[in-house]
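Please treat every number below as a calculation from the coordinates, not as lab data. A quick note: this is a predicted structure, and the numbers were derived from the prediction, not measured. Virtual Cβ from ideal backbone geometry, glycine too; neighbours counted across all protein chains shown.
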Amino acid sequence: MIHVSDSQIVWRLVMSAILSGVVGLEREMRGRSAGLRTHILVGLSSCLLMVLSVFVAQSFGEPYVFDPGRIAAGVVTGIGFLGAGTIIRFGESVKGLTTAASLWAVAALGLTIGVGFYIAAYTATALILVTLLILSKVERNISKGKA
């Protein structure tokens, strides 16, 4: 069983706050309901829960059976409720879906970093930012073409 050191735990928490903050900063700059602080808190707390889950599984091991994925599953369920709070319906249109999805994404980032899967976290962060920054422009151009 691999032991996670205190410095690795601190690194994971800091990295989670930074990567989630980058996504949150984009949402903040667009004036969305969930911005910088919310995204950092979601990513950081998801990471902390994953680190806790791994720690508990490592600490108690045999003969006990602790599944580190159980806490992650709870995070995934819980973030759905938080994301639902950002979605607002205005007549025919719906606002807040992208912000809800970005909250879900930073929760996944936190869980990913919490288990030490750094390359996936870096790659996912880059793809999330491409989606939020570049594809929003593509969507606007497509919408203009239809109007």
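Give the span of region 1-47's Cα atoms along each principal axis, as three whole-Å numbers ordered largest to smallest.
44, 13, 12
With r defined as the distance between the Cβ atoms of residue 140 and residue 120 and R0 fixed at 25 Å, what FRET efficiency is calculated, to the nearest 0.05? Write out the running numbers ahead of the final one.
Working: r = 30 Å, r/R0 = 1.19.
The computed FRET efficiency comes out at 0.25.
Select from 57, 133, 13 the residue farthest towards the positive end of the dipole of the chain; place +1 on Cβ of Lys and Arg, -1 on Cβ of Asp and Glu, and compute about the Cα centre.
It is 133, whose Cα lies furthest towards the positive end.
So what's the net charge close to residue 132: Lys and Arg +1, Asp and Glu -1, counting the other residues with Cβ under 12 Å from its Cβ? Can you show the working numbers first?
On the way: positive: 27, 30, 32, 137; negative: 26, 28, 139.
Once positives and negatives cancel, what remains is +1.
What residues of region 75-118 lie in the reach of a label at residue 55, counting those whose backbone N is under 14 Å from a point 7 Å from the Cα along Cα→Cβ?
114-115
Would you report the distance distribution of C-alpha pairs in the chain as whole percents per 10 angstrom bin, up to the bin with the largest distance?
12, 37, 30, 14, 6, 2, 0
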